[in-house]
Amino acid sequence: MFNKLVTDVISNVYNGKDFLYPVSENDLGGLAILISNCTFGGKELLHNMQFASIDPSIWLGDFLDKYWNKMSYVTAAPNFNLLIVESGKIVIKPHGILSENFETDEDINTFFNNPKNKKLAIYTITKWADLALMKTWYSLRYANLTEKSEIRGNYIDTILEV
């Protein structure tokens, strides 16, 4: 089963950038990828300076203090693959990134604490400022890898805690 994987890696079929980096107490290396993604992620929208990205050095540290343990993975690319074992074979399961905006800190807090979002792969988080309206919001680019069985289990656990 692993012979083909070894051959594919050696022949550079997989470059490593389209896979996931875990985030856990034992390995925070994925957060370094996320910080790099966030630094470059805010440079995509500039409409006569009505919208400006806020430099991650100002806010990202506090954000990660609060939410790093809600992130299961970080991805270095907007599309990535999972190598999984299915029916005794290694298969590639491709994933794409979704984008969602959150207008308040409460909105993003609700998102990260939702039982449906227990296994998140984060690509980038950008904090934006609307200079005309003087308000900020977050733009999150992520993939939700939570399986339906995990969602059911999370809801049952939530009900039993009450």
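The values are calculated or read from the model by the stated rules, or taken from the named source; none is laboratory data. In this text, all values refer to a predicted model and were calculated from it rather than measured experimentally. We place every Cβ from the backbone using ideal geometry, glycine too, and count neighbours over all the protein chains shown.
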Extreme residue, surrounded by the fewest Cβ atoms within 10 Å (Cβ to Cβ), among residues of the range 79-101 that are touching a residue at least 60 places away in the same chain (Cβ under 8 Å) and over 22 Å from residue 28 (Cβ atoms): 88
Which numbered condition residue 140 misses (of (1) crowded, with 17+ Cβ neighbours inside 10 Å; (2) over 21 Å from residue 19 (Cα atoms)): (2)
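Which one is surrounded by the fewest Cβ atoms within 10 Å (Cβ to Cβ) among residues in the range 67-78 that are hydrophobic (A, V, I, L, M, F, W, C) and touching a helix residue (DSSP H, G or I) at 6+ places or on another chain (Cβ under 8 Å)? Spell out the reasoning first.
We begin by selecting, within the range 67-78, every residue hydrophobic (A, V, I, L, M, F, W, C); these are 68, 71, 74, 76-77.
Within this subset, residues satisfying the condition of being touching a helix residue (DSSP H, G or I) at 6+ places or on another chain (Cβ under 8 Å) are 68, 71, 74, 76.
Values: 68: 16, 71: 21, 74: 25, 76: 18.
Once the filter is applied, the top-ranked residue is 68.
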Subset of the range 90-105 (residues that are under 16 Å from residue 123 (Cα atoms) and not aromatic (Phe, Trp, Tyr)): 94, 95, 96, 97, 98, 99, 100, 101
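Looking only at strands (runs of 3 or more DSSP E) that fall completely inside the range 45-119, which ones have 3 or more residues that are among the β-branched types (Val, Ile, Thr)? Show your work before the answer.
Values: elements: 51-53, 73-75, 79-86, 89-96, 98-102.
By residue number, 89-96.
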Evaluation of residue 142 against (1) over 21 Å from the mean Cα position of the chain (by Cα); (2) of a type in the set (Phe, Trp, Tyr); (3) at pLDDT 95 or above (one fails), failing number: (1)
Residue check, residue 133 among the hydrophobic types (A, V, I, L, M, F, W, C) and free of Cβ contacts under 8 Å to residues at least 60 places away in the same chain: yes
Test: residue in the range 96-104 that is on the phi < 0 side of the Ramachandran plot and touching an Asp or Glu at 6+ places or on another chain (Cβ under 7 Å): no
Within the range 10-41, considering residues that are within 17 Å of residue 82 (Cα to Cα) and surrounded by 13 or more Cβ atoms within 10 Å (Cβ to Cβ), the one modelled with the lowest pLDDT: 14
